[in-house]
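**Q** Below: one structure in structure tokens.
The values are calculated or read from the model by the stated rules, or taken from the named source; none is laboratory data. Since the structure is predicted, the reported quantities are computational estimates derived from the model, not experimental observations. So basically every Cβ, Gly included, is an ideal-geometry build from the backbone, and we count neighbours across all protein chains shown.
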Amino acid sequence: MLKWPNIDPVAVQIGPLAIHWYGLMYIAGFGCVWYLVRKQLQENGWWKRCISEEQFEGLFTWLILGVVLGGRLAYVLFYNPAYYWQHPLEVLFIWQGGMSFHGGLLGPVIAGWWFCRRHDLPFMALADRFFIVAPIGLAFGRLGNFINGELWGRVTDVPWGMVFPAAGSEPRHPSQLYELGLEGIALFLLLWLTRRYRWPTGARLGLFLVGYAVARIFCEQFRQPDAQLGFLFAGVTMGMLLSSVMLLAGMLLLWYVFTRAGQQEARHG
């Protein structure tokens, strides 16, 4: 049995100003995604030829807003609407945790589509490049959850079971680390390796949707359901339900892009 390291959620305190680890994880994640997407654009000759530096910075700014606003609003609406109805100002306290990945996905997709349409940029091709490296951001987010001692797993007797003080004295699965490994590191490596192959536009976005959904549904088997929601029905959690919709969307997108690519190849063959 292990004990949660009881990390102070505040990384730096300067007078009344408190810099939280959770916020630093977001900054680190955004920074890595910014660098790796820029690297991809430079490698394939897109940089400054198909998208200017100003457009890239503008797009990235809108994507960040989409992640933060979409993730927070989805958490408020899907996971804890009653609490935030009574404490509306706390909707702004994102450093305390409480972000929904599924909203953090939909938000930047909408923001990115709007920006690309406004600036005549290829949305789906850019989405592929962003979602190849998006799991890095997810990994930092899950590390932030672990530092905060939140989103712990279910009670277990495995040797690596961990005691989280806020969850009682029983050892639990460190499900934040499971998600960090699967939704973050493993999914990133899988998507990054696909750069070696020529795939139709949109295929990597579809693979991300499927890969994340499968990893999340698996990890939900070990994660403690949110106390205010519990199981929705028959052992199904909100995370499973939203991920199932995501899985279906990813499979449909993969079917569409590969079918379309096959038809185009047949016409030109």
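**Q** Among the listed residues L73, L63, L36, L77, which satisfies the condition of being buried (at least 19 other Cβ atoms within 10 Å of the Cβ) and either modelled with pLDDT of 95 or more or aliphatic (A, V, I, L, M) (or both)?
**A** Of L73, L63, L36, L77, the one residue that is buried (at least 19 other Cβ atoms within 10 Å of the Cβ) and either modelled with pLDDT of 95 or more or aliphatic (A, V, I, L, M) (or both) is L63.
**Q** Which residues, counting only those in segment 36-63, are free of Cβ contacts under 8 Å to residues at least 40 places away in the same chain and either touching a Lys or Arg at 6+ places or on another chain (Cβ under 7 Å) or not charged (D, E, K, R) (or both)?
**A** Q42, N44, G45, W46, W47, S52, F56, F60, T61 - these are the residues of segment 36-63 that are free of Cβ contacts under 8 Å to residues at least 40 places away in the same chain and either touching a Lys or Arg at 6+ places or on another chain (Cβ under 7 Å) or not charged (D, E, K, R) (or both).
**Q** Which residue pairs have Cβ atoms under 8 Å apart, sit 6 or more places apart or on different chains, and have a first residue in segment 164-190 that is of a type in the set (S, T, N, Q) and a second that is surrounded by 15 or more Cβ atoms within 10 Å (Cβ to Cβ) and in a helix (DSSP H, G or I)?
**A** S175/C219; Q176/R142; Q176/L143; Q176/N145; Q176/F146
Yes or no, residue by residue, for (1) out of contact with any Gly (no Cβ under 6 Å at 6 or more places or on another chain); (2) part of a helix (DSSP H, G or I):
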residue	(1), (2)
I64	yes, yes
L69	no, yes
G98	yes, no
F115	yes, yes
D128	yes, yes
I132	yes, yes
F140	no, yes
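**Q** Then there's this: Step by step: first the residues of segment 9-33, then only those that are free of Cβ contacts under 8 Å to residues at least 12 places away in the same chain and out of contact with any strand residue (DSSP E or B) (no Cβ under 7 Å at 6 or more places or on another chain), then the one that is surrounded by the most Cβ atoms within 10 Å (Cβ to Cβ). Which residue is that?
**A** Residue satisfying both the conditions and the ranking: G31.
**Q** Moving on to the next point. Select from segment 145-187 the residues that are part of a helix (DSSP H, G or I) and more than 24 Å from the chain's Cα centre (by Cα) and write down the one among them that is farthest from W21 (Cα to Cα).
**A** This residue is A167.
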